[in-house]
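Colleague: I have a structure I would like to understand better, so I am pasting it below and will then ask my questions one at a time.
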Amino acid sequence: MPTVLLALALLAAPPAPAAQPLEVLEAGEVRYDTVLDRGTASGGVVLRRGQVTLRAGSASWDGATGEVEAWDGVLLLEPGRAVAASRMHAVLDGPYQAHDVVAFLKEGPLDLGRCRTLAEARATGRNKISLGGAALEGASVNEQPGRFQVDGARITLCDCGAGPPSWEIRASHADVVAGDRAFLTWPVFYVTPRFLFLRSPVPVFALPVLYMPLADRQTGLLFPEITWGGPGGFGVAAPVFVTLGRSWDLTATPGYAFGPGQPIGDREVKGPSLGLELRWAPAEGARGTLRLGLLHHTLDLWPAGVARPAGLNRVALSGVHDQRLSDADHLRVDVGLVNDALYTADFTADALLRAIEYRRSAVTYTHREHDLLVEGDAAYHLSLLSLDSRVGFDPSLGPAPGPAPYGTFGGDLSTFHRLPSASLSLLPVRVAGPLRLSAFLGVARFAPLSGITGDEGANGLGPGERGWGFPAIDAGERDARWQPGERLSATRLALRSELRAPFAVGRALEVDPWLAATAAAYAFGDGGEQADARAVVGLDVSTFLSRRFGAGWRHVIEPRASWRYGTPQAGPALPAYAYDELDVPPPPAGGGTAPARSLTAIPGRFQQLQLSLRNRLLPAPGGLVGADLTLGQDVNLDPARLSETWVQSTLTVWRATLGVGARFFAFGAEPPVPPTDPRSFWDAFSEFNAGLTVGDGRGDDVHASLSTVGRGGSPRLVAGLEPLFDDTRGLAFQPLASGGFGVRGHLGGATAAWDAAFTAREQVVCPGPARGPHVFQHSVSLVWDSPCKCWRLGFTVIANECDPHPRWGLIFDVAGLGAKVGG
């Protein structure tokens, strides 16, 4: 709403700078007294001063006083603004009056000087604001700059041409101070309900008085927010915008959740809340946002297996600061913290977002100097997964364990963090001929906030790990002592270097041999130390064949072979699982699957070969059909056996695109983790992805997608830095198969969308038993955009099996002013 009356402030400016001469471009008759410096013109007058053009039936002016009088169809034109009046009187840099005013403010500084009528000015470019008034009177610029009065004011942001606007505000009187505020006396809000086949504005509501800020950033009340659905039930909030200077502002949103909501498990949400959002942009290239959410529970209702937040105060903190300090330096800070493990589930409607496993907070600083890159960072990982000790626990094992300690923002969890790390990277530089060298040197600290161990117990599964809460709980957990199976805190110094020598053999082959070596030294929290090293050599060979045929078609064939050999590790294995992809973990106990934690290097020697053949069918310019198909085979050479066979393809036919990728074991090859009962069709694939989109070019489309990962995952997913795949071990997680489908369409000014998410095999989506293939979430939205581009009405519904009832939302946006209700 501030921009609505901001346009009126343009009328406060005098029609032209006094320093520029007044030119008479057209007139049927002109009379000018050189002694008195006065003139009159009639018969279609066109006056110009600088970029301002004034058209009128008749006009007079006084050069000595700067007084201008125009009447009989006055039209004032300047870049981005057109003002029409039956009569206008103005003193340059002084008071002014106009009668029967109609004005249009454009989105940009358009040149309107050639427009001869108000209709032409209206039709030239988009009108950002349209306004009118029976009479307008402005004060002297020297006395009260930018202040004016309007009687019979009419204001709208709609651009409906000559037709009635979708909405407008009419007020008996408006007292305006440009760039500051406006007081409206008896403002009435009118709408034109075209959907009811009415073509005239209808009054909707009226107020005795209305105060409106006119500055782009000014302290004041925003639209209230109303919510329904979710565990908080009915809630209200009243946001307040506060300006804290030129570069800082704050939105404070006090509210209250009245409940009773829709219970999630054995908890509900009720009580007062406060939201704070601080925004800043103190310098060019620097900006950030910090959000704080706070809600106090008035219901003493909390699951027994989850740590309670202190005082039942639920807190969330998120934000980002991004700043380019110089051409070579960059700083970024990301914050994502919650004070209880259930916050994300309670205040997120989407079932997939509820399944997020952790939040990450990090700070990163980078500096580049020619071929060197210096980086310092620290990361805090807040676990949100498996913190309810009762979920999945087998009662036959005895009483369920108590809740895991949480602390402030998860500070009492034994999660490992990267606190901190620093690295120096040498970007690829030419050494001699085609030989290029790159290197990395880094030191990093991996540890929980307190203690020297993850305290997971002998099986290595603690709070926040996948599978914790099942029979994985053992007696060694949270005893504050290290034991085999638990990860020790460590400081690691790592060095990695790589040599490459790519070259071409004529126009037939491209050859890329390379050699990489990695060494690491560890200082553990218990005082132990160790070091290890390994090397990998690789060779990539490729070529392509191309031919043209038909009406400009082109067929390209690209064979490729990649070979890798990794040496055994020199040095002892880590005492427990690895910290990141630079580490070599100990082999899984009994040669089984590895816990699904971080990506790691392959333990031991490996030798691999990957063969692939890519076919591309490229149409002539403007062609409607294109295809891309790659066939590949992974081969383990030590010992000799086939690994995954894989296919990646894309087919485009006019406005339809189909992409399919599949990885599977064929020709007698065996997966590292055999499928388990009950069997599914998707057990034939270690990984499968498909996506289809059919559109019409204007935003309407039908789309579907599917993604599956077999038990143990694809060997491609568990490979580290150097290998192509890793079929010596699988990851310990259940197979997954899920996807979505939906449709999006436009009908007049309305946009409708429906999306559904589904599982394609038996799996767990929400807490509870596994279910077979089924749709677990629907989301529907309908947004109506006014033909006049000045308001939007949106309705959304999200229904999923994790909530007993749908959550809904309603968005009402009047030219970007925004009003929102919903869950």
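Colleague: For the stretch 118-141, which positions are within 27 Å of VAL91 (Cβ to Cβ), open to solvent by 20 Å² or more (accessible area, probe 1.4 Å) and not in a strand (DSSP E or B)?
Modeller: Matches in the stretch 118-141: LEU118, ALA139, VAL141.
Colleague: Let me spell it out: the conditions are (1) within 39 Å of the chain's Cα centre (by Cα); (2) within 30 Å of LEU624 (Cα to Cα); (3) surrounded by fewer than 16 Cβ atoms within 10 Å (Cβ to Cβ), and ARG560 meets all of them except one. Which number is the exception?
Modeller: (3)
Colleague: Could you tell me whether any residue of the stretch 429-440 is in a loop (DSSP other than H, G, I, E, B), of a type in the set (Gly, Ala, Ser), touching a residue at least 24 places away in the same chain (Cβ under 8 Å) and touching a Gly at 6+ places or on another chain (Cβ under 8 Å)?
Modeller: no
Colleague: Listed residues ASP327, ASP334; which is assigned to a loop (DSSP other than H, G, I, E, B) and modelled with pLDDT of 90 or more?
Modeller: ASP327
Colleague: Here's a follow-up. From the list ASP700, ASP696, ASP727, ASP683, exactly one residue is among the charged types (D, E, K, R) and touching a His at 6+ places or on another chain (Cβ under 8 Å). Which is it?
Modeller: Criteria check complete, one pass: ASP700.
Colleague: Mind checking which residues of the stretch 71-85 are part of a strand (DSSP E or B), open to solvent by less than 50 Å² (accessible area, probe 1.4 Å) and not charged (D, E, K, R)? Lay out the reasoning, then the answer.
Modeller: Step one: of the stretch 71-85, the residues part of a strand (DSSP E or B) are 71-78, 81-85.
So of that shortlist, the ones also open to solvent by less than 50 Å² (accessible area, probe 1.4 Å) come out as 74-78, 81-85.
VAL74, LEU75, LEU76, LEU77, ALA82, VAL83, ALA84, ALA85 - these are the residues of the stretch 71-85 that are part of a strand (DSSP E or B), open to solvent by less than 50 Å² (accessible area, probe 1.4 Å) and not charged (D, E, K, R).
Colleague: Additional query: For SER686, work out the one condition from (1) modelled with pLDDT of 95 or more; (2) touching a Pro at 6+ places or on another chain (Cβ under 9 Å) it doesn't fulfil.
Modeller: Single failed check for SER686: (1).
Colleague: Say whether the condition of being open to solvent by less than 40 Å² (accessible area, probe 1.4 Å) and assigned to a strand (DSSP E or B) is met by at least one residue in the stretch 570-585. I'd like the intermediate steps shown before the answer.
Modeller: Our first condition is that a residue be open to solvent by less than 40 Å² (accessible area, probe 1.4 Å); within the stretch 570-585, this holds for 574, 576-580, 582-585.
If we keep only those that are assigned to a strand (DSSP E or B) as well, we get none.
No, the stretch 570-585 contains no residue that is open to solvent by less than 40 Å² (accessible area, probe 1.4 Å) and assigned to a strand (DSSP E or B).
Colleague: Let me ask you something else. Looking at GLY265, GLY230, GLY235, which is the one that is touching a strand residue (DSSP E or B) at 6+ places or on another chain (Cβ under 7 Å) and at pLDDT below 70?
Modeller: Just a single option satisfies the conditions, and that option is GLY230.
The rows are residues; the columns are (1) within 29 Å of the chain's Cα centre (by Cα); (2) assigned to a strand (DSSP E or B).
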| residue | (1), (2) |
| --- | --- |
| VAL694 | yes, yes |
| SER705 | yes, yes |
| GLY712 | no, no |
| LEU717 | yes, no |
| LEU721 | yes, no |
| ASP727 | no, no |
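Colleague: If you check every pair at least six apart or on different chains, which have Cβ atoms under 8 Å apart with a residue in the stretch 559-573 that is of a type in the set (S, T, N, Q) first and a residue that is open to solvent by 70 Å² or more (accessible area, probe 1.4 Å) and modelled with pLDDT of 90 or more second?
Modeller: THR567/ARG605
Colleague: Restricting the first residue to the stretch 49-78 and requiring it to be at positive phi, which pairs with a second residue that is modelled with pLDDT of 90 or more and surrounded by fewer than 21 Cβ atoms within 10 Å (Cβ to Cβ) meet a Cβ separation below 6 Å and a spacing of at least six or different chains?
Modeller: ASP72/GLY57; ASP72/SER58; GLY73/GLY57
Colleague: Please specify each residue of the stretch 786-802 satisfying the condition of being open to solvent by less than 50 Å² (accessible area, probe 1.4 Å) and part of a strand (DSSP E or B). Even if it seems obvious, please write down each step before you answer.
Modeller: Start the filter on the stretch 786-802 by keeping residues that are open to solvent by less than 50 Å² (accessible area, probe 1.4 Å), which leaves 786, 788, 790, 794, 797-800, 802.
Those that are open to solvent by less than 50 Å² (accessible area, probe 1.4 Å) and part of a strand (DSSP E or B): GLY794, VAL797, ILE798, ALA799, ASN800.
Colleague: Within the stretch 633-674, how many residues turn out to be buried (at least 16 other Cβ atoms within 10 Å of the Cβ) and either outside any strand (DSSP E or B) or at positive phi (or both)?
Modeller: Final tally of qualifying residues: 4.
Colleague: With (1) more than 27 Å from PRO484 (Cα to Cα); (2) open to solvent by less than 20 Å² (accessible area, probe 1.4 Å); (3) of a type outside the set (Val, Ile, Thr) as the list, and PHE440 as the residue in question, which single condition is left unmet?
Modeller: Unmet condition: (2).
Colleague: Restricted to the stretch 30-59, and to residues that are over 22 Å from THR117 (Cβ atoms) and part of a strand (DSSP E or B), which residue is least open to solvent (accessible area, probe 1.4 Å)?
Modeller: GLY39
Okay, residues lined up against (1) closer than 24 Å to THR645 by Cα; (2) modelled with pLDDT under 95:
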{"position": "SER542", "(1), (2)": "yes, no"}
{"position": "LEU545", "(1), (2)": "yes, yes"}
{"position": "ILE557", "(1), (2)": "yes, no"}
{"position": "TYR577", "(1), (2)": "no, yes"}
{"position": "LEU582", "(1), (2)": "no, yes"}
{"position": "ALA596", "(1), (2)": "yes, yes"}
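Colleague: Of the conditions (1) within 30 Å of LEU747 (Cβ to Cβ); (2) touching a residue at least 60 places away in the same chain (Cβ under 8 Å), TRP654 fails just one. Which one is it?
Modeller: All conditions are met except number (2).
Colleague: Pick from ALA472, ALA480: which is among the aliphatic types (A, V, I, L, M), out of contact with any helix residue (DSSP H, G or I) (no Cβ under 7 Å at 6 or more places or on another chain), open to solvent by 70 Å² or more (accessible area, probe 1.4 Å) and modelled with pLDDT under 85? Write out each step before concluding.
Modeller: Working: ALA472 fails: open to solvent by 70 Å² or more (accessible area, probe 1.4 Å).
Testing whether each residue is among the aliphatic types (A, V, I, L, M), out of contact with any helix residue (DSSP H, G or I) (no Cβ under 7 Å at 6 or more places or on another chain), open to solvent by 70 Å² or more (accessible area, probe 1.4 Å) and modelled with pLDDT under 85 leaves just ALA480.
Colleague: Could you check how many residues of the stretch 358-379 are open to solvent by less than 70 Å² (accessible area, probe 1.4 Å) and under 16 Å from PRO463 (Cα atoms)?
Modeller: Selection size over the stretch 358-379: 1.
Colleague: Determine the pairs where a residue that is on the phi > 0 side of the Ramachandran plot and modelled with pLDDT of 80 or more, located within the stretch 152-169, has a partner that is of a type outside the set (Lys, Arg) and surrounded by fewer than 22 Cβ atoms within 10 Å (Cβ to Cβ) with Cβ atoms under 9 Å apart, the partner being 6 or more residues away or on another chain.
Modeller: Filtered contacts from the stretch 152-169: GLY152/GLY132; GLY152/ALA134; GLY152/ALA135; GLY152/SER172; GLY152/HIS173.
Colleague: If you don't mind, there's one more thing I want to ask. For GLU486, only one of the following conditions fails: (1) within 30 Å of ASP371 (Cα to Cα); (2) acidic (Asp, Glu); (3) open to solvent by less than 20 Å² (accessible area, probe 1.4 Å). What is its number?
Modeller: (1)
Colleague: Go over the candidates LEU721, LEU706 one by one and state the one that is crowded, with 17+ Cβ neighbours inside 10 Å and either at pLDDT 95 or above or farther than 30 Å from ALA345 by Cα (or both).
Modeller: Only one candidate passes the filter, namely LEU706.
Colleague: Going through ARG308, ARG360, ARG314 one at a time, which residue ends up being of a type in the set (Lys, Arg) and closer than 21 Å to GLY376 by Cβ? Lay out the reasoning, then the answer.
Modeller: Details: ARG308 fails: closer than 21 Å to GLY376 by Cβ; ARG314 fails: closer than 21 Å to GLY376 by Cβ.
Of the residues listed, the single one that is of a type in the set (Lys, Arg) and closer than 21 Å to GLY376 by Cβ is ARG360.
Colleague: Let me ask something additional. Could you list all residues from the stretch 206-222 that are touching a Gly at 6+ places or on another chain (Cβ under 7 Å) and either modelled with pLDDT of 70 or more or assigned to a strand (DSSP E or B) (or both)? Spell out how you get there, then give the answer.
Modeller: We begin by selecting, within the stretch 206-222, every residue touching a Gly at 6+ places or on another chain (Cβ under 7 Å); these are 213-215.
Across the stretch 206-222, the qualifying residue is only PRO213.
Colleague: Next question. Hand me the list of strands (runs of 3 or more DSSP E) wholly inside the stretch 498-552 holding 2 or more residues that are open to solvent by less than 40 Å² (accessible area, probe 1.4 Å).
Modeller: 509-524, 529-542
The values are calculated or read from the model by the stated rules, or taken from the named source; none is laboratory data. Since we're looking at a predicted model, the values are computed, not measured. Reconstructed Cβ throughout: ideal geometry from the backbone, glycine too, with neighbour counts over all protein chains shown. Surface accessibility is based on the protein's heavy atoms, side chains included, excluding ligands, DNA and RNA. Shrake-Rupley method; radii C 1.70, N 1.55, O 1.52, S 1.80 Å.
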